[in-house]
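Everything on this sheet refers to the single structure shown next.
Taken together, the values in this text are just the output of simple stated rules run on the coordinates, not laboratory data. Worth saying up front: this structure is predicted, and the values here are computed from it rather than measured. Every residue, glycine as well, gets a Cβ built from its backbone with ideal geometry; the counts of neighbours run over all protein chains shown.
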Amino acid sequence: SSSNQPYRTAYHFQPPKNWINDPNGPMRYKGLYHLFYQYNPKGSVWGNIVWAHSVSKDLVNWIPLDAAIFPSQPSDINGCWSGSATMLPGGKPVILYTGIDPNNHQVQNLAFPKNLSDPFLREWIKSPKNPLMAPTVANKINSTSFRDPTTAWKGKDGYWRVLIGNKVNSVGRAVLYKSKDFVNWVEAKQPLHSAQGTGMWECPDFFPVLNNGPINVGLDTSVDGDHVRHVLKVSLDDKKHDYYLIGTYDASQDVFTPDNSQPVLRYDYGKYYASKTIFDDGKNRRVLFGWVNESSSQNDDIKKGWSGIHTIPRSIWLHKSGKQLIQWPVQEIENLRVNPVNWPTRLLKGGELLQVNGITAVQADVEISFQVREFQKAEVLKNWADPQILCGMKGAGVKGGIGPFGLLVLASKDLQESTAVFFRIFRYQNKNLVLMCSDQSRSSLNKENDMTPFGTFVDVDPLHENLSLRTLIDHSVVESFGGEGKACITSRVYPTLAINEKAQLYAFNNGTSSVRITRLSAWSMKKANINGN
Ligand code: FRU
């Protein structure tokens, strides 16, 4: 129950118990969404990995099924690691995944449904030809750095293409394989892309996005043409963050040329890893799934009997600037909203703290917008600084010029505990620079938790636009979207006082300048039906 499990989430994806990591092989089949995930059936730390399986009609409520892919043949006897689904012509799904073989080598395997008339796709058969791709003396591929096949895409030449994450020394690589029949795969002469000093590329993802298209519209993975740009996402093992590059895919040469040479943009500036997208042909959008690890100690994970959740699936598309992606929680999550609280426009003076009453603050969805005034009061930033470090130095308690202003979530009555999600505006090189922070440093009296603050700059000019923040609060997870999805920060927190009905929510301004709240809408969130919970 929630009294002895205050950190279990009410509307985020998790199994009833044990360890989970990466989302695997998401797909939509016969109107149902399928999600598989890396799962340890035996405990709450990583190990014994199988593909657990759930299905959903709405990406919010999930029905648990038996594990779909588990060690059963030499090519996966030591583990069934991450992979992706591809829809073959005629609507036949197949899965490529990494198996760990008897020598602990990473190899790529194929599985397909036993019975295509079962919308639940309960049973999966493995190809007798597995493994289909393997490290050999000839290809010189490192057998411990060769994993996580992407969804495949088909070129105009009729060949399927798939990427496998890899590294050579410290060069991260997306190795490309091609096949006519999905069974016989040949390594291309060069990787689709690689970058010096980036380490192992886990869970690559490669997909087209509409250039200058309407918001929230996605493309099927094989779509290409002049109206399209491509995104390569890699999960950097060394940094434990998901980075993406926007660029041009030359299908005739099979090379990807990113606009930036090094990965700098992140999907999420908090805790977020091993994500992957699918094209959702039901709603014509691209949907992003991702894993959020715990920030508690392994001992605490063992005590509570579980570890890991997934974020709310996000719609993802290219911003009209062409410079970054936008992410927004899928609209279906709004079906859980109840008991709306709306504030009339009001001034939030420097030093003011206002409680948001009338909602279940431990399980809520909050949208707040600010109009900034008095730009002459902005703190001057002389030298460029890492935004996360800035958030660490200038937490919610450090008074500023314009800001910090934002939300205090999962706050205890006396504010001994709270997580602050906020903005601070700097004057940098004669422009307004917006910093967004998620400050966990006071989130819990239990100092065993990792309470590192997170931060990023947001590409919004508060002179011309309001500054918006949406935060999804769910017991131990705080998922925040700044600038209408331009910047995402997900954090895990474990309050000891601000649990269940004791949690409170505030709007605050700890700057000297007042700001105007142009919108505050908050909802309590109903519990979703997630895997029998
Ligand atoms: C990423 C990852 C993948 C691997 C899987 C193993 O979190 O390390 O590279 O396939 O998890 O569980």
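Values for this structure:
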{"read-out": "Summed residue charge, Cβ within 12 Å of V380's Cβ, Lys/Arg positive, Asp/Glu negative", "value": "+3"}
{"read-out": "Estimated FRET transfer efficiency (R229, L32; beta-carbon r; R0 51 Å; 0.05)", "value": "0.95"}
{"read-out": "Distance (nanometres) between label positions extended 7 Å along Cα→Cβ at K431 and D414", "value": "4.6"}
{"read-out": "Stretch gain in nm, segment L347-K156, where the contour uses 0.36 nm per residue and the Cα spacing is subtracted", "value": "63.0 nm"}
{"read-out": "Partners for K431 among lysines (Cα-Cα distance below 16 Å; same-chain residues under 8 apart left out)", "value": "K377, K382"}
{"read-out": "Dimensions (Å) - the chain, Cα atoms, principal axes, largest first", "value": "67, 51, 40"}
{"read-out": "Reciprocal of mean inverse Cα separation for the range 332-410 (Kirkwood radius, Å)", "value": "15.5"}
{"read-out": "Difference of contour (0.36 nm per residue) and Cα-Cα distance, F375 to Q324", "value": "15.7 nm"}
{"read-out": "Per-pair calculated FRET efficiency, R0 = 35 Å: N383 and L88 via Cβ, rounded to 0.05", "value": "0.05"}
{"read-out": "G25 long-range amide H proximity, modeled H, under 5 Å", "value": "G83, S84, A85"}
{"read-out": "Radius 13 Å from Cβ of M200, net charge of other residues (Lys, Arg +1; Asp, Glu -1)", "value": "+1"}
{"read-out": "Convex hull of Cα atoms in the range 386-533, direction-averaged projection (nm²)", "value": "9.7"}
{"read-out": "Distance between modelled label sites at T452 and K303, nm, 7 Å Cα→Cβ extension", "value": "2.3"}
{"read-out": "Ascending count of other beta-carbon atoms within 10 Å, so fewest first, for L415, L132, L192", "value": "L415, L132, L192"}
{"read-out": "Under-5 Å amide H pairs with L348, H placed in peptide plane, nonlocal only", "value": "V515, R516, I517"}
{"read-out": "Cβ-based exposure ranking for E379, E334, in which fewest neighbours within 10 Å come first", "value": "E334, E379"}
{"read-out": "Taking the chain and dividing mean pair separation by its residue count, relative contact order in percent (alpha carbons under 8 Å, at least six apart)", "value": "15"}
{"read-out": "Stretchable slack from I215 to D238, in nm (0.36 nm times residue separation minus alpha-carbon distance)", "value": "5.0 nm"}
